[in-house]
Structure formats: structure tokens, C-alpha cells
Amino acid sequence: MLLIELKKSFPETPYLWGASLGDDLWESVRDEVKRSNAQSDIVAVFDFEGVKATNASFLKASILPCFKEADLAVGKQVYPLVKNLAHDVEEEIHEIFHARKLPIQKILNRDNSFSGILGYIEPYLVDTLRLLAKTGPSSAPKLREIDDSGIGTTGWNNRLNELNALRLATRKKEGRSWIFQAIAKEIE
């Protein structure tokens, strides 16, 4: 897990405005990911402690690239989470992500195991994410076996791939199957 403490990155101001600051932060995140020895994808926690306000330009330049630059030229995806949000910061993040029909997980406790969702997400995907968080690492056939809703393997596979594309669940190849895992252990 990569912790990005914005207070340390920008100690001179509690206000994070503009694309240039956001670009600076994204470049440092990219560099950290490239230097990382992790063999798998990376969960990046953007810690907004001490930040009083931000704007769309900063968020578009600093966090939204996680959804666009999947491999970062090093074969890894970045799964962004946010935490320690002031009220104004939370509202701005929610508005920016909702307008783009994207969700982002907000960490709600100290051990990063419980999260809520800001932005936009379809209700059936929230249900899928909760089931995945409850069952732990799972494949589409496993979810079909344990759930009695009548959803077939293809339906579960489509839902899990969508959660992965939205950066809400990681995936890795095991044999011929994809195994998905929710980032948080519990979803609000």
C-alpha cells in the first residue's frame, strides 16, 4: 500500500488548488509506483489530513489519472482510496467523481478495513462489492455457487470486471481463472 500524505507533499498550504499542484502530485505517485518492488497492482491511499479545501482542477490532475493510466508503463494498476477528508474536500471529491460516473472509496477507520463510496456507483455493483468483501478473494464461479440470486457465471464475471475497471477490486490470474478481491474488508 502506498500512503500519499498530502500534508507532507504540500506543507506550505492547507488549500490544494489547481492542475499544476495536481500534476506535481501525480508525477510523484507515478515515480513511487515505478520504483516500487511490488509485483502486483498498488493501492494508493490519498491522505487529506490537514487539507481544508481543494478544487476540481487539482483532483482531475492528481487522482483521476489512476483510472486512465492503467499500467503506468510498468504493468501495474493504481487503486485510489481517500481518507481524512474535511467536509468541503469530501463534497468536492463526491461532485467530481459523480459527474464522471466514477466511484472512489473513502476509508472510514484507522486500519483501512472499512470504506464508504463517494461519487457514483450502480446499486448492483455495491451489492457485488459487499459480497466480494464478505467472501474474500473469489472468482465468478465461486460467487455463482454461494449466491442464490440466479446470476450466472458470465453475469458475475461481468460485474467483477466492472469493479476492477472502477478500481474497487483487484484481480490476479490463477491458472485459467481470474481471482478478484475487494480492497476494503467491509463496505458501508
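Determine, yes or no, whether Tyr120 is touching a residue at least 60 places away in the same chain (Cβ under 8 Å) and either surrounded by 15 or more Cβ atoms within 10 Å (Cβ to Cβ) or aliphatic (A, V, I, L, M) (or both).
Against the criterion (touching a residue at least 60 places away in the same chain (Cβ under 8 Å) and either surrounded by 15 or more Cβ atoms within 10 Å (Cβ to Cβ) or aliphatic (A, V, I, L, M) (or both)), Tyr120 does not qualify.
I'm trying to understand the selection: among the residues of the stretch 141-188, which are of a type in the set (A, V, I, L, M) and free of Cβ contacts under 8 Å to residues at least 40 places away in the same chain?
Once the filter is applied, which keeps residues that are of a type in the set (A, V, I, L, M) and free of Cβ contacts under 8 Å to residues at least 40 places away in the same chain, the stretch 141-188 yields Leu143, Ile146, Ile151, Leu160, Leu163, Ala165.
For the stretch 179-188, indicate whether the set of residues that are in contact with a helix residue (DSSP H, G or I) (Cβ under 9 Å, 6 or more places away or on another chain), β-branched (Val, Ile, Thr), in a loop (DSSP other than H, G, I, E, B) and within 18 Å of Val82 (Cα to Cα) is non-empty.
yes
Restricting the stretch 30-62 to residues that are charged (D, E, K, R) and touching a residue at least 40 places away in the same chain (Cβ under 8 Å), which is farthest from Gly18 (Cα to Cα)?
This residue is Asp41.
Here is a yes/no grid of residues against (1) surrounded by 22 or more Cβ atoms within 10 Å (Cβ to Cβ); (2) of a type outside the set (A, V, I, L, M); (3) on the phi > 0 side of the Ramachandran plot; (4) part of a strand (DSSP E or B):
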site	(1), (2), (3), (4)
Ile93	yes, no, no, no
Leu132	yes, no, no, no
Ile151	no, no, no, no
Trp156	yes, yes, no, no
Thr170	no, yes, no, yes
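When you check Leu64 against the structure, is it at pLDDT below 95, surrounded by fewer than 21 Cβ atoms within 10 Å (Cβ to Cβ), out of contact with any helix residue (DSSP H, G or I) (no Cβ under 9 Å at 6 or more places or on another chain) and within 24 Å of Tyr15 (Cα to Cα), yes or no?
no
The values are calculated or read from the model by the stated rules, or taken from the named source; none is laboratory data. Being a predicted model, the structure only gives us computed values, none of them experimental. Quick reminder, even Gly has a Cβ in these numbers, built from the backbone with ideal geometry, and neighbours come from all protein chains shown.
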